[in-house]
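Okay, structure first, notes after.
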Protein chains: 2
Amino acid sequence: MKKIAVDAMGGDNAPQAIVEGVNRALEEFSDIEIQLYGDETKIRQYLTATERVSIIHTDEKIDSDDEPAKAIRRKKKASMVLGAQAVKAGEADAVISAGNTGALLAAGLFVVGRIKGVDRPGLMSTLPTADGQGFDMMDLGANAENTPAHLHQYAILGSFYAKNVRGIDKPRVGLLNNGTESTKGDPLRKETFELLSQEKAINFIGNVEARELMNKVADVVVADGFTGNAVLKTIEGTALGIMGQLKSAIENGGLKSKLGYLFMKDSLRSLRDSLDYSSAGGAVLFGLKAPVVKSHGSSDARAIFYTIKQVRTMLETDVVNQLVGEFSKEETND
Amino acid sequence: MKKIAVDAMGGDNAPQAIVEGVNRALEEFSDIEIQLYGDETKIRQYLTATERVSIIHTDEKIDSDDEPAKAIRRKKKASMVLGAQAVKAGEADAVISAGNTGALLAAGLFVVGRIKGVDRPGLMSTLPTADGQGFDMMDLGANAENTPAHLHQYAILGSFYAKNVRGIDKPRVGLLNNGTESTKGDPLRKETFELLSQEKAINFIGNVEARELMNKVADVVVADGFTGNAVLKTIEGTALGIMGQLKSAIENGGLKSKLGYLFMKDSLRSLRDSLDYSSAGGAVLFGLKAPVVKSHGSSDARAIFYTIKQVRTMLETDVVNQLVGEFSKEETND
């Protein structure tokens, strides 16, 4: 039985969306057990599942505008913190929250703890590509600064995830750079390129450019947290901007345009769905001793369901313990 | 009379698109004179303008895959190099090319030369926003690495451009960062934030996030060349990816969808036009003693026309000499 701790109070639609997502996951997967952390009365309003689910009541929760490190220290009974503590105590195998990202990062680092040999866990998500397969990118912003050694570790982490959780054989690992030639980039990129070229545990295909990400130029894309964060937010902003402009082009296009929209509705919905990549789950704070996964703040029940599904696969494939093995091997080699 | 040197041989559609753009510009603007550098016979095939235009023949040209610095040194008679030399010699006031970006950067730096006090000229472009007004961003990749002092200079350069060339009163200058709080980012961002907060020559509004760029969160966005390049390419890649998916959603959507497309055609075209921002001109290698402007490699006659228009405005407003004054003032203050 896989035991998953879920912060019922995090995110814009908590606790309803969280609990409804849990209901669906419990129905679909018979090998999971969910611990819901949060306000019991509110949780009960939405909870229909009766088996393999428990509620751990707490009045405290971390708000989206709380200062992360401070919140973790001061709100020791917050739903998110209790979930992380359950993982540390071995009472849960993983923790999920749609709440304050920074606080979850802090809880992951200081409560759950790093895998030995991983210096700086990073945020990893599966992002959309035109063919619907997606690619994994990390670090998406857990760190403001990274060294070549960190990026080297992200390549290994991402590659293990793509292989185990997404079932990709020999995932192609690319280094995000300002050109494809091997000599491109700043010292961080040049040194990382050398490290990745010599790394036998991964299938390194060289530098990749941001323009090609949606064309699935690689299965795993390695970036420092600052650039990864900028790229992630640019994808989001550009997609939202274009969809918004498409909407206003239709609205301002007169009767003919509105009529056309009625005919095209299904096609446009399939476009929107292909950009909404919540079916791939949430963002993993990767490099920790257990899966700690951030679901988007605006997650609905469907997104929560898929995050639980993702965590279940991570537990089933035992990807974290495989990484523990890989990184202890690296230590021995040094 | 403003004298503009144009590399007739650079870009995917040269010389036809270049010369046709020149024809249109000469017709529209009576205060410019164009020098066309390149193969005279080929240029003559498309040149309809007869006044205020001259052809400086050369057989040599820089190819898109030439190694930039080497090409500039070895192909001394290349159309792009001759154009830059004309600026240096005072025979032209500015130079435009749609050719090899790296080579144009090298020609700008080594032939035209930097404004005294500007350490690292950067690439600046006007990028699209939802309201159609656009924002200016630099550095878009002239440099792989930047210091806080460089970013400080980009803020001044971008602000002068937005004010003079785009006519924006007190342009809002934002620093691209991984969060809006003043304490966000790596040391480069934190030090730059301090410098910009104290800079009286600009209207600094603080940190901005990549997600908000299309919402015109700022008129000028300052970034290091590595991040700026990644953001620019992500915008391009995401926009192309979405438009491609929209197209295939329509094509695979059956008869109903195709019928809808016929009705919506005009609206979709207006969307595409709003994303195509070539009417704002090309990318300026900014911080040089004269305007050196890169038009997109795939430029058509229309894009070339707008790049000439942009350069004409830069010359008319004398933005470069204003910057010379501003940076010599800074020198005296130090």
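Quick note: the coordinates plus some simple rules give every number you see, no bench work behind them. All values derive from a computational prediction rather than experimental measurement. Counting neighbours? That spans all protein chains shown, and the Cβs are built from the backbone with ideal geometry, glycine included.
The aspartates and glutamates within cross-link reach of A:Lys265, meaning a Cα-to-Cα straight distance under 20 Å and a gap of 8 or more places when in the same chain, are A:Glu251, A:Asp273, A:Asp276, B:Glu251, B:Asp266. Note on B:Ser182 and B:Ser279: the model spin-label points, each 7 Å out from Cα along the C-beta direction, lie 3.9 nm apart.
Over 23 Å between C-alpha atoms is what I'm after, so list which of A:Lys61/A:Lys294; B:Lys2/B:Lys200; A:Lys258/B:Lys247; A:Lys247/B:Lys247 land there. Don't skip to the end; give the middle numbers.
Numbers: A:Lys61/A:Lys294 16 Å; B:Lys2/B:Lys200 32 Å; A:Lys258/B:Lys247 18 Å; A:Lys247/B:Lys247 16 Å.
Correct reply: B:Lys2/B:Lys200.
Charge tally around B:Lys3: other residues with Cβ under 15 Å, Lys/Arg +1 each, Asp/Glu -1 each, net -3. One decimal place: the segment B:Lys216-B:Glu27 gains 64.7 nm when fully extended, by the rule 0.36 nm per residue minus the C-alpha distance.
Once the piece of chain linking B:Lys247 and B:Ser197 is laid out straight, how much longer is it, given 0.36 nm per residue of separation minus the C-alpha distance between them? If you can, show how the numbers build up before the last one.
Values: separation 50, 0.36 × 50 = 18.00 nm, distance 4.53 nm.
In short, 13.5 nm is gained.
Couplings for region A:115-121, taken from phi via the Karplus curve 6.51 cos²θ - 1.76 cosθ + 1.60 with θ = phi - 60°, read 5, 4, x, 8, 6, 9, x Hz in order; Gly and Pro are left as x. Placing pseudo-labels 7 Å out from each Cα toward the beta carbon at A:Leu262 and B:Lys70 gives an inter-label distance of 6.3 nm. With the Cα gyration tensor of region B:22-141 giving a ≥ b ≥ c as the square roots of its eigenvalues, does the rule (a/c under 1.5 for rounded; else a/b larger than b/c for prolate; else oblate) give rounded, prolate or oblate? Oblate.
Ranked from shortest, the separations from the 7 Å Cα-to-Cβ label point of A:Gln198 to its equivalents in the other copies are 4.2 nm. Averaged over peptide B:268-279, the number of partner chain Cβ atoms lying within 10 Å of each residue's Cβ comes to 3. Compute a Gaussian network model of chain A, connecting alpha carbons closer than 10 Å, and tell me which residue from A:Arg166, A:Arg24, A:Arg272 fluctuates the most. Judging by the Gaussian network model, the answer is A:Arg272. Rounded to the nearest 20, the size of the Cβ-charge dipole of the protein assembly as shown about its Cα centre is 640 debye, with Lys and Arg at +1 and Asp and Glu at -1.
By the beta-carbon count within 10 Å of each Cβ, the least crowded to most crowded order of B:Thr58, B:Thr50, fewest first, is B:Thr50, B:Thr58.
Mind ordering A:87-93, A:77-83, A:287-293, A:64-70 by average Cβ neighbours within 10 Å, highest first? All intermediate terms of the calculation are to be shown ahead of the outcome.
Details: A:87-93: 16.7, A:77-83: 27.0, A:287-293: 25.1, A:64-70: 13.6.
The most tightly packed comes first, giving A:77-83, A:287-293, A:87-93, A:64-70.
Put simply, the amide H of B:Ile168, placed in the peptide plane, has neighbours under 5 Å in B:Lys163, leaving out anything fewer than 5 places away on its chain. Between A:Phe110, A:Phe204, A:Phe29, the Gaussian network model of chain A with springs among Cα atoms under 10 angstrom shows the greatest mean-square fluctuation at A:Phe29. Legend: calculated FRET efficiency, B:Asp63 to A:Thr50, from the Cβ-Cβ distance at R0 = 60 Å, rounded to 0.05, equals 0.25.
Taking the charge dipole of region B:83-149 about its Cα centre, with +1 at Lys and Arg Cβ atoms and -1 at Asp and Glu Cβ atoms, the residue from B:Gly141, B:Ala130, B:Gly113 reaching farthest to the positive side is B:Gly113. Once backbone amide H atoms are built at 1.01 Å from N, A:Phe135 has A:Leu127, A:Thr129 as its partners under 5 Å, excluding neighbours fewer than 5 places away on the same chain. Put in order of Cβ neighbour count within 10 Å, fewest first, the listed residues A:His296, A:His152 become A:His296, A:His152.
Remark: mean inter-chain Cβ contacts per residue of A:253-265 equal 6, using a 10 Å Cβ-Cβ cutoff to other protein chain atoms. With respect to the cross-link table entries A:Lys42/A:Lys116; A:Lys289/B:Lys184; A:Lys75/A:Lys163, which display a Cα-Cα separation exceeding 30 Å? Over 30 Å apart, Cα to Cα: A:Lys42/A:Lys116; A:Lys75/A:Lys163. Within the shell of other residues whose beta carbon sits under 10 angstrom from the beta carbon of B:Gly287, the net charge comes to +1, with Lys and Arg scored +1 and Asp and Glu -1.
Taking each DSSP H run with n ≥ 4 as -39500 (n - 2.57) and averaging over every residue of the protein assembly as shown yields -15000 deg cm²/dmol at 222 nm.
Going 7 Å from the Cα of B:Lys42 toward and past its Cβ, which residues in region B:7-31 have a backbone nitrogen under 14 Å from where you end up? Within reach of a label on B:Lys42: B:7-20. About its Cα centre, region B:258-302 has a charge dipole of approximately 60 debye under the convention of +1 per Lys or Arg Cβ and -1 per Asp or Glu Cβ, with nothing else charged.
Overall, region A:66-145 carries a charge dipole of about 640 debye about its Cα centre when +1 sits on the Cβ of Lys and Arg and -1 on the Cβ of Asp and Glu, all other atoms neutral.
Shape class for chain A, computed from the alpha carbon gyration tensor (a ≥ b ≥ c): oblate, with a/c not under 1.5 and a/b at or below b/c. Across region B:51-58, rounded Karplus estimates of 3J(HN,Hα) from the backbone phi angles (6.51 cos²θ - 1.76 cosθ + 1.60, θ = phi - 60°) give 10, 6, 9, 9, 10, 10, 6, 7 Hz, Gly and Pro being marked x.
Distance between the modelled labels on A:Ser298 and B:Ala130, one decimal in nanometres: 1.0 nm (7 Å Cα→Cβ projection). Peptide A:209-216 shows a mean partner chain C-beta count of 6 within 10 Å per residue C-beta. Other residues within the sphere of radius under 12 Å centred on the Cβ of B:Phe305, judged by their own Cβ, net out at 0 (K and R +1, D and E -1).
For A:Val53, the residues whose amide H sits under 5 Å from its own are A:Ile34, ignoring neighbours fewer than 5 places away on the same chain, with H placed 1.01 Å from N.
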